[in-house]
Amino acid sequence: MPAPRVRFAPSPTGFFHVGSGRTALYNWLFARRNGGVFILRIEDTDTERNREEWVDGIVDAMAWLGMEPDEGPYRQSQRAARYAEVTDTLWEGGHLYACDCTRDAVLARTAGNATPGYDGFCRDRGLRREGHALRFRTPDEGETEVHDVIRGTVTFRNETMEDFVVARSNGEPLFVLANIVDDLDMGITHVIRGEELLPSAPKAILIWHALVAAGSVGEPVGEAGRGEAARLPVWAHLPTLVNEQRKKLSKRRDPVAVESYRDEGYLPEALRNYLALLGWSPPGGEEKVPLQVLVDNFALEDVNHSPAFFDVKKLAHLNGEYIRDLSADEFAERVLPWVDPGAERAAGRWVPESAGAPPWPPERFDPAVFRRLAPLVQERVATLGEAPGLVDFVFLEDPYVDEASWEKAIGCDPGAVGLLDAAIHAYGHADWTAEALRAATVAVGEQAGRKLAKAQAPIRVAVTGCTVGPPLFESLEVLGREEVLRRLRGALERARVR
Ligand code: GLU
């Protein structure tokens, strides 16, 4: 079998959807597994809905996920001449007719019809071509079969297929035409894409047959071999992604933008791993799968056809595991865009624009101090974006006090004042290491008849403002004696006033 050629063919009409990420990835995995070519094709014929920034978003997201194309990006907007040529061929072959029906007129006429869609009103009116939308005359009899690796053979009765539009009245080609012409010219062997596009496959097949019969095989694009070009691709329609309610992921309801996962501090290797398992899994059923294992095992035949649940919680969990796998240095480096965005931006590096700046004044951030805390943070976060919230108490002049934490650990604890007082005394002369501070706190607790956890709680809230956070004694060590005592005294004062 010649090297397969696959394409990812997004339309640049919005953020890069996780579903598109999964489609791109399956194409990429298939190409890598089979020594094939992975092509990026930007389907930008819809000038009203396309924006250049979305094209950049696609290219960036793919680079970030490590799926750079072998060929392309090709742009449909640059192939208008070829689509015009194909439209001529189809017109001359009698496959098209002109139509001047408005959408409303069609709806009014066809309401209540057994077969939905266009009713063929203009089929034999003989309207001239110029200035009119062009429809493809679908056969009235017979069937069109879509051979799909994932779904088997899907049969469409031709009489149920409406005469679909292939070109607008201004001559612009529609998706179904440009899409299949490109697949033909680019020598695409496998069309791997979302299942919502399955209904357009039989239309594409009809156009394909008409073109091949007319001998209209265009200039090969890229490394496409001419001999291959007249062969229909193998289809593979991937299962829909659904949310917790088993509804199709929606741009409005669900977090679907790859860009926002990146901004929140998901690692590309974690997201890629997660996306790979939405509809397929390698033998063994593991959740965390190295890239090479994905590549070595990927097979379209094994892709599931039932909807795949895009579970953000599972993704976050997996991301945390990937974060734990980083070396301490790597973690400290990769989290910088979230904890020190000013310096990163100044160095010309990427920062998560939508994540907002960390809560401390930038000049109070100390990279050396952060580096000491970083391993503690690494153990606790699910995303890199959670890091500032775990260390803000260190870089803010005074910690932000979570009032619920305060009430629980100090306000409602009659022993808290005595305990804070005892801690101030003990910390005044303790060796300033996490271990010694821990021992000192155990001793303070014993005096008060408390276990360590109970003794720690008021101290933690006094120093960090919150009942949860990185390990206390290491944090105290990093903050330094003076600052810890200052905060303990401040809290004691506040607790006494009440
Ligand atoms: N451009 C189409 C879309 O974004 C996909 C076309 C295809 O993969 O065949 O939905």
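Values quoted throughout were computed directly from the atomic coordinates according to the rules given, and no laboratory measurement underlies them. The structure presented is a predicted model; accordingly, all values stated were derived computationally and were not measured. Quick reminder, even Gly has a Cβ in these numbers, built from the backbone with ideal geometry, and neighbours come from all protein chains shown.
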Given Cβ charges of +1 for Lys and Arg and -1 for Asp and Glu, the option among 4, 23, 67 whose Cα lies farthest towards the positive end of the dipole of the chain is 23
Under a Cβ-only charge scheme (Lys and Arg +1, Asp and Glu -1), can you give me the dipole magnitude of the range 146-187 about the Cα centre, in debye to the nearest 20?
140
Links exceeding 30 Å between C-alpha atoms in this model, out of 203/251; 313/451; 288/451; 247/408; 251/408, come to 313/451; 288/451; 247/408; 251/408
Rounded to the nearest 10 degrees, what's the angle between the helix 481-497 long axis and the longest principal axis of the chain, both from Cα atoms, 0 to 90?
80
Size of electric dipole in the chain: Cβ of Lys, Arg +1 and of Asp, Glu -1, about Cα centre, debye, nearest 20:
1000
Straight-line reach from residue 248: which aspartates and glutamates fall under 19 Å, measuring Cα to Cα and dropping same-chain residues less than 8 apart?
195, 196, 311
May I ask you to derive the FRET efficiency for residue 497 and residue 467 from their Cβ-Cβ distance with R0 = 22 Å, giving the value to the nearest 0.05?
0.55
Given +1 on the Cβ of Lys and Arg, -1 on the Cβ of Asp and Glu, and no further charges, what dipole in debye does the range 124-272 carry about its Cα centre, rounded to the nearest 20?
400
Please rank 237, 17, 317, 425, fewest neighbouring Cβ atoms within 10 Å first, as an exposure proxy.
425, 317, 17, 237
Once each part is reduced to its C-alpha centroid, what is the distance from the range 380-397 to the range 1-63 in angstrom?
35
Lys/Arg +1, Asp/Glu -1 at C-beta; the range 297-390 dipole; positive extreme among 388, 361, 342
361
R0 = 41 Å: FRET efficiency of residue 353 with residue 301, Cβ-based, nearest 0.05?
0.50
With a point put 7 Å past each Cα toward its Cβ, work out how far residue 292 is from residue 433 in nm, to one decimal.
4.1
For the chain, take the longest principal axis of its alpha carbons; what is the angle in degrees between that and the long axis of helix 18-33, to the nearest 10 within 0 to 90?
70
I'd like the isolated cysteines in the chain, meaning no second cysteine's beta-carbon lies under 4.7 angstrom from theirs.
101, 412, 466
Segment residue 78-residue 321, extension gain: residue separation times 0.36 nm, minus the distance between their alpha carbons
83.1 nm
If a/c stays under 1.5 just call it rounded; otherwise compare a/b with b/c (prolate if a/b is bigger, oblate if not). Do that for the range 343-481, with a ≥ b ≥ c from the square roots of the Cα gyration tensor eigenvalues.
prolate
Within 10 Å, count the other beta carbons around each residue, average over each peptide in 477-483, 171-177, 285-291, and list them highest first.
171-177, 477-483, 285-291
Between residue 159 and residue 102, what FRET efficiency comes out of the Förster formula 1/(1 + (r/R0)^6) with R0 = 30 Å and r the beta carbon distance, rounded to 0.05?
0.75
Dipole of the range 80-194 [Lys/Arg +1, Asp/Glu -1 at C-beta], most positive-end residue of 89, 178, 149:
178
What is the range 318-369 by shape, rounded, prolate or oblate, if you read a ≥ b ≥ c off the alpha carbon gyration tensor as root eigenvalues and call it rounded for a/c under 1.5, prolate for a/b larger than b/c, and oblate otherwise?
prolate
Net charge of neighbours whose Cβ lies under 15 Å from the Cβ of residue 119, counting Lys and Arg as +1 and Asp and Glu as -1:
-1
At 0.36 nm per residue, minus the direct Cα-Cα distance, what do residue 196 and residue 169 gain on full extension? Give it in nm, one decimal, please.
7.1 nm
Charge tally for neighbours of residue 18 with beta carbon under 12 Å away, counting Lys, Arg as +1 and Asp, Glu as -1, is +1
Could you check the simple spin-label distance between residue 376 and residue 412, using points 7 Å along Cα→Cβ, in nm with one decimal?
2.6
Taking Cα atoms only, helix 175-185 is inclined relative to the longest principal axis of the chain by an angle, in degrees rounded to 10, of 80
Once you put a point 7 Å from the Cα of residue 119 and another 7 Å from the Cα of residue 245, both along the Cβ direction, what distance in nm separates them?
3.6
By a straight-distance test (C-alpha under 17 Å), which aspartates and glutamates pair with residue 454 as possible cross-link partners, with residues fewer than eight away in the same chain excluded?
407, 413, 421, 446
Taking Lys and Arg as +1 and Asp and Glu as -1, residues besides residue 293 with C-beta under 13 Å from its C-beta add up to 0
Proxy reagent accessibility, fewest Cβ within 10 Å first, across 277, 452, 25
452, 277, 25
For 124, 421, what ranking results if the residue with the fewest other Cβ atoms within 10 Å of its Cβ goes first?
124, 421
Difference of contour (0.36 nm per residue) and Cα-Cα distance, residue 145 to residue 70:
23.9 nm
In deg cm²/dmol and to the nearest 500, what is the mean residue ellipticity at 222 nm of the chain if only DSSP H runs of at least 4 residues count, each as -39500 (n - 2.57), divided by the residue total?
-13000 deg cm²/dmol
Checking the a/c ratio against 1.5 first, then a/b against b/c, what shape does the Cα gyration tensor give for the chain?
prolate
